[in-house]
């Protein structure tokens with residue numbers, strides 16, 4: 001197969017042409033730019049919200065859980081611990097929320113012209129990656145400032161954990177987002193509760209506390225969360241100790257393989273007739 005990913009499921013052919021996707025890079029960039037500009041259009045602070053959102057969340061949760069709750073920060077400075085967690089969590093949450101409504105938000109575009117529909121969710125991930133990159137620069141600046149104030153960081157190969165964790169979170173966000181998007185065409189209530197569900201999911205990850213600060217039954221559940229693994233790997237790149245267990249890696253690998261395959265399978269089936277059901 002040259003540039004194609006193809007498999008059959010009960011006689012239904014599902015084909016993803018990478019050659020066709022590369023031929024539509026101009027369209028992909030247009031969608032990324034459109035999404036990025038429209039997100040902050042008619043706002044007072046504009047793109048400054050990219051930096052304000054994780055900073056504000058880090059400040060609030062750092063005070064509540066770090067200072068007052070004494071949950072610890074896994075050997076990292078509190079500011080770095082919470083900012084790194086909310087940066088990557090914000091990237092995942094944005095991928096889920098925007099991908100979940102892609103059929104509704106792009107109904108007119110889908111009905112007018114043909115193009116590989118998978119470009120839409122890929123464009124959403126691309127737009128979120130731009131925001132993540134800008135926030136990552138902020139985190140690097142804070143890390144550099146901490147190093148000037150006597151806090152030592154071990155660099156080297158551990159820096160590879162940063163792009164690896166981002167890639168894993170992007171795959172996970174895309175796969176789960178496509179699953180939710182496909183389901184919302186039939187069950188619209190799902191789109192209404194997605195934000196509430198993400199708020200609950202936040203507390204089952206290591207964004208706001210290390211798993212080691214919880215009692216054994218709960219710490220085990222948090223450690224098995226694939227989002228926690230991505231966040232812990234991200235923090236390793238900034239000097240956190242490597243406490244990730246093999247069982248957590250295996251569970252994450254399962255979700256990273258299953259979620260994009262299942263997500264694209266459902267997306268491919270729904271895109272053909274979603275206008276009749278949405």
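The values are calculated or read from the model by the stated rules, or taken from the named source; none is laboratory data. Everything numeric here is computed off the predicted structure, so don't read it as measured data. We place every Cβ from the backbone using ideal geometry, glycine too, and count neighbours over all the protein chains shown.
Tallying residues that are without any contact (Cβ under 8 Å) to a residue 40 or more places away in the chain and either closer than 22 Å to residue 170 by Cβ or touching a helix residue (DSSP H, G or I) at 6+ places or on another chain (Cβ under 9 Å) (or both) within the range 209-220 yields 5.
Using the structure shown, decide if residue 192 is assigned to a helix (DSSP H, G or I) and either touching a residue at least 40 places away in the same chain (Cβ under 8 Å) or in contact with a helix residue (DSSP H, G or I) (Cβ under 8 Å, 6 or more places away or on another chain) (or both). The answer is no for residue 192. With respect to residue 146, is the statement that it is surrounded by 15 or more Cβ atoms within 10 Å (Cβ to Cβ), closer than 23 Å to residue 242 by Cβ and at pLDDT below 90 true? Yes: the conditions hold for residue 146. Within the range 231-249, the set of residues being more than 14 Å from residue 81 (Cα to Cα) and buried (at least 17 other Cβ atoms within 10 Å of the Cβ) comprises 244, 248. Filtered by the rule that a residue be surrounded by fewer than 21 Cβ atoms within 10 Å (Cβ to Cβ), modelled with pLDDT under 90, out of contact with any strand residue (DSSP E or B) (no Cβ under 8 Å at 6 or more places or on another chain) and part of a helix (DSSP H, G or I), the range 257-273 gives 266, 270, 271. Among the residues of the range 155-189, those that are touching a helix residue (DSSP H, G or I) at 6+ places or on another chain (Cβ under 6 Å), in a helix (DSSP H, G or I) and more than 25 Å from residue 223 (Cβ to Cβ) comprise 178, 181, 182, 183, 184.
At least 3 residues being at pLDDT 75 or above and touching a helix residue (DSSP H, G or I) at 6+ places or on another chain (Cβ under 9 Å) is the threshold, and among the helices (runs of 4 or more DSSP H) wholly inside the range 1-83 those reaching it are 25-39, 49-61. Among the residues of this structure, residue 254 counts as one that is at pLDDT 90 or above and surrounded by fewer than 13 Cβ atoms within 10 Å (Cβ to Cβ). The one condition from (1) surrounded by 15 or more Cβ atoms within 10 Å (Cβ to Cβ); (2) closer than 18 Å to residue 249 by Cα that residue 179 does not meet is (2).
Of all residues in the range 106-121, those that are modelled with pLDDT of 70 or more and surrounded by fewer than 17 Cβ atoms within 10 Å (Cβ to Cβ) total 4. If you go through the range 204-224 and keep only what is crowded, with 20+ Cβ neighbours inside 10 Å and not in a helix (DSSP H, G or I), you end up with 205, 206, 207, 208, 209, 210.
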